[in-house]
Amino acid sequence: MTTIDEFFDACLGKWSIERTYHYLGDAEGRVERSHTNYDIRPLTTDRQHKVLADNERPTDAPEPLYGFYLAFDTVSDRGEKVAMDLNILFVPTQIEEGGFLEGDYLRDRAYEEARPMVSHFRYDPERAELRMTTRYTRVVSVDSITLVQPDLRIRQIQNFRRPQFDSLPLRELELVGFGVEKKVS
């Protein structure tokens, strides 16, 4: 069992990531590989307040809050480059039996859409897995990070076409991604 505090502490540092994406909605069935460098640092109080304010939340949110400043650069096997930095804040709203923790996953800028974003997270301490679900305009992204060891994470990404109504199940899978993330420092 890994507590959420242990999980988030292990996430800090520099990571080297190899990913493969399968574009299922693409007629060609394109597969893309990429390499990403992550730099994950603790979120300062000023940045916490910025994320809360950007997402129209009171800046005196009750503790505990978990957050990161994340900077990354990615190069795909086709030579495409993407670099971004953002502030991330996890605001727990409920603890379930067995230590499961759920809440809001806030960002000052999201990956798919460059704007503040409120999403949902669920942490499973038995699996040391953080699952984040984001409802973008066009897709719903389900992203999970499993901490295998303090210096090794497994990442899974599933993007579904967003259904017309949020109450409908996610059925049309457009993209599946898998990554191996190794801490380098």
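The values are calculated or read from the model by the stated rules, or taken from the named source; none is laboratory data. Small disclaimer: the values here were computed from a predicted structure and weren't measured. Cβ atoms come from the backbone with ideal geometry, glycine included; neighbour counts cover every protein chain shown. These accessible areas exclude ligands, DNA and RNA; they are computed on the full protein's heavy atoms, side chains included. Shrake-Rupley method; radii C 1.70, N 1.55, O 1.52, S 1.80 Å.
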### Summary
Once normalised by the length of the range 1-141, the mean sequence separation of its alpha carbon contacts under 8 Å that are 6 or more apart gives a contact order in percent of 19 percent
### Message
How far apart, in nanometres, would the label points at Phe165 and Asp9 be if each is projected 7 angstrom from Cα along the Cα-to-Cβ direction?
### Response
4.7 nm
### DSSP-assigned coil residues among trypsin sites (Lys or Arg not before Pro) in the range 148-185, each with at most 16 further Cβ atoms within 10 Å
Arg171
### Task
Pop out the carbon and sulfur fraction of the accessible area of the chain as a percent, whole number, probe 1.4 Å.
50 percent
#### Entry: Gain in span if fully extended, Arg127 to Ala71, counting 0.36 nm per residue against the direct Cα distance
17.6 nm
## Note on the structure
Calculated from DSSP helices alone, with each H run of at least 4 adding -39500 (n - 2.57) and the total divided by the residues of the chain, [θ]222 nm to the nearest 500 comes to -2500 deg cm²/dmol
### Positive minus negative residues near Thr137 (Lys, Arg vs Asp, Glu; Cβ under 13 Å)
+2
### Query
Do any trypsin sites (Lys or Arg not before Pro) in the range 101-135 lie in a DSSP loop with no more than 14 other beta carbon atoms within 10 Å, and if so, which?
Arg127
### Query
Any idea of the accessible area per residue across the range 28-185, 1.4 Å probe, to the nearest Å²?
54 Å²
#### Entry: Coil-residue GluC sites (Glu not before Pro) of the range 153-185, DSSP, other Cβ within 10 Å capped at 13
Glu172
